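Laboratory data are not the source of any read-out in this text; all were calculated from the coordinates shown. Source: prediction; values computed, not measured. Because the Cβ atoms are built from the backbone with ideal geometry, glycine has one as well, and the counts that use them run over all protein chains shown.
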Amino acid sequence: MIDVYFSPTPNGQKIRLLLEETGLPHRIVPVRLSAGEQFAPEFVAISPNAKIPAIVDHAPADGGAPQTVFESGAILLYLAEKSGRLLPDDPRDRLEMLQWLFWQTSGLGPTAGQAGYFRVYASEPDAFAIERYTREVRRLYGVLDRRLAKRAFIAGQDYSIADIACYPWIVPHAGHGQDLAEFPDLARWFQAVSQRPATRRTYAGVEDVYARPGAAVATAK
């Protein structure tokens, strides 16, 4: 059994997507971010950065003590290896997958997170920050759109954890000030991933955390 410390943010949803795709036995442990539960000592012992998601695998492959893993990219890689799924077999395809996984965790996620914060959650509007991060998210969407030209998935021939890592950060595109009509190949991929049964189960009843009344509506061209 795998304990999944979870809140329905884009990074949290990555792990649920993988678990729905693989069917790995797991238990969701909700972490209420608004209540500050991520700072509880018992959670910080699992996730030193006090961020979700984090997991505890009570049946690791080596048969030893429970294995803790924090950081969403590391969790995706760990669980994909555990399940034997969602990883390319070809070494070159696997390297491509790792590059796009790291691209998401170092670029798309942090930048879109800042765009969402300044556009939706900041107590005072900051026009410079909204413009800066909205424009950079648009640039990153363009990178992904070009990558998906003439290919079904981000890395290799098959759906992989690179796709799982990126998809939850495209879901709130409107809150990030982006119009998918400007990115036809990204939009095609997004629609295909959204129709996967595992994706439908993951997002059933989940509220868009960036869809809040009064959000900034400026876009960057």
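To the nearest 20 debye, what is the magnitude of the charge dipole of the chain about its Cα centre, counting +1 on the Cβ of each Lys and Arg and -1 on the Cβ of each Asp and Glu? Provide the component values of the computation, followed by the final result.
On the way: 24 positive and 25 negative charges, 103 e Å.
Dipole size: approximately 500 debye.
Convert 37 °C to kelvin, take the viscosity as 0.692 mPa s, use the Kirkwood radius over C-alpha pairs of the chain as Rh, and evaluate the Stokes-Einstein diffusion coefficient in µm²/s, rounded to a whole number.
Details: Rh = 18.0 Å.
Answer, rounded: 182 µm²/s.
Provide the FRET efficiency to the nearest 0.05 for the Met1-Arg200 pair, computing r from the beta carbons and using R0 = 35 Å.
The calculated FRET efficiency here is 0.90.
Pairs of alpha-carbon atoms within less than 8 angstrom and 6+ residues apart define the contacts here; what relative contact order does segment 2-83 have, in percent? Walk me through the intermediate numbers first.
Working: 123 pairs, mean separation 27.5, N = 82.
Answer for segment 2-83 is 34 percent.
Does a label point 7 Å from the Cα of Ser83, set along Cα-to-beta-carbon, have any residues of segment 180-203 with amide nitrogen under 12 Å, and which are they?
Flagged as within label range: 197-199, 202.
Report the full-extension gain for the segment Asp208 to Gln191: residue separation times 0.36 nm, less the Cα-Cα distance, to one decimal in nm. Mind dumping the intermediate values first?
Working: separation 17, 0.36 × 17 = 6.12 nm, distance 1.68 nm.
That works out to 4.4 nm of additional length.
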